[in-house]
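Student: Next up is a structure, given as structure tokens.
The values are calculated or read from the model by the stated rules, or taken from the named source; none is laboratory data. Please read these numbers as outputs of a predicted model, since none were measured by experiment. With ideal geometry, Cβ positions are generated from the backbone for all residues, glycine too; neighbour counts draw on all protein chains shown. Accessible surface is based on the protein model in full, side chains and every heavy atom, while ligands, DNA and RNA are left aside. Shrake-Rupley method; radii C 1.70, N 1.55, O 1.52, S 1.80 Å.
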Amino acid sequence: MRPHSSGDAPTGVLQRAALILDAFDGADCLNLSQIVAATGLPRSSVHRMLEQLVALQWVHRDHMNYQLGMRMIELGATAAQQNSLRRAALPSLRWLHQTTGCIVHLGVLDGADVVYLEKVGGELVPSIRSRVGSRIPAHSSTIGKALLAVDGSARVGSPDIQRVRESRIAFGREQCMKGFSCAAAPIGQIDHEGAAAVSVFGSATKIGPDKQLRLAVQTAAADIWHRVHAPRQGTRAARSPRYRHNRVGA
């Protein structure tokens, strides 16, 4: 649930509706008081808007609690299916999961945050709460460092980011959970999406700066770049600017 900033009070109906729907980000269900606290809107306005959203099936009411409704699920699934980067990346993400046995994420940079577009293998570690559409700070995450390394608008001169720019791989050991590590490779700048990257998350004993894992993650990133750009090249396959497109045997 995102806190409301008092400096940007919404004035239109759509803005207020969006603010209420945003309150459900990361929350399973909320009551009226919680939504009022999250949005900063008058209680009567929130109640009236919620009743309209329930009628539209954008919100579902269960006694005194509210949660996102069936129409939002339908629209969210449609938006994910229509995302061209996600569609192009899915075969490579599944291959990377099968090759490494790790959880695989596809992420893009949105402002200062990483937004996950896809997650494969999440059942391996149920306690990892990342999900499609969730956000994490870019500066403090491994996949975020891979994104910042190729983001054209980011002027990040830290040694960590510079190393990722040069090596095209980022490693993070036990940053978000003890005993687990992450490796990420930048895909590059994608039209209409901006910076994109792919990461693997798994046991710290499995993920390290070894050549085999590095090659697998970089190969997946190069393959995604290839799939995104190949339709524009006709019969000629597009290539990643940094890698040759070579498969790693599973």
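Student: Exactly one condition in (1) modelled with pLDDT of 90 or more; (2) surrounded by 13 or more Cβ atoms within 10 Å (Cβ to Cβ) is false for Met1; which is it?
Tutor: (1)
Student: Could you please find all residues in region 86-107 being without any contact (Cβ under 8 Å) to a residue 60 or more places away in the chain and either open to solvent by less than 20 Å² (accessible area, probe 1.4 Å) or of a type in the set (A, V, I, L, M) (or both)?
Tutor: Leu90
Student: Considering only residues that are over 26 Å from His192 (Cα atoms) and aliphatic (A, V, I, L, M), which ones fall in region 62-102?
Tutor: Those that are over 26 Å from His192 (Cα atoms) and aliphatic (A, V, I, L, M): Met64, Leu68, Met70.
Student: Turning to a different aspect of this structure: Does Trp58 count as under 30 Å from Ala183 (Cα atoms) and either modelled with pLDDT of 90 or more or aromatic (Phe, Trp, Tyr) (or both)?
Tutor: So Trp58 fails the test.
Student: If you go through region 26-35 one residue at a time, how many are out of contact with any helix residue (DSSP H, G or I) (no Cβ under 9 Å at 6 or more places or on another chain), surrounded by fewer than 14 Cβ atoms within 10 Å (Cβ to Cβ) and without any contact (Cβ under 8 Å) to a residue 60 or more places away in the chain?
Tutor: Number of matching residues: 2.
Student: When region 209-224 is examined, which residues are found to be in contact with a Ser or Thr (Cβ under 7 Å, 6 or more places away or on another chain) and open to solvent by 10 Å² or more (accessible area, probe 1.4 Å)?
Tutor: Once the filter is applied, which keeps residues that are in contact with a Ser or Thr (Cβ under 7 Å, 6 or more places away or on another chain) and open to solvent by 10 Å² or more (accessible area, probe 1.4 Å), region 209-224 yields only Leu213.
Student: If the requirement is being open to solvent by less than 70 Å² (accessible area, probe 1.4 Å) and either closer than 30 Å to Ala230 by Cα or of a type in the set (Ser, Thr, Tyr) (or both), which of these qualifies: Asn83, Asn65?
Tutor: Testing whether each residue is open to solvent by less than 70 Å² (accessible area, probe 1.4 Å) and either closer than 30 Å to Ala230 by Cα or of a type in the set (Ser, Thr, Tyr) (or both) leaves just Asn83.
Student: Out of all the residues in region 108-149, which are part of a loop (DSSP other than H, G, I, E, B), open to solvent by less than 20 Å² (accessible area, probe 1.4 Å) and within 22 Å of Gln189 (Cβ to Cβ)?
Tutor: Listed by number, the residues that qualify are Ala138, Ser141.
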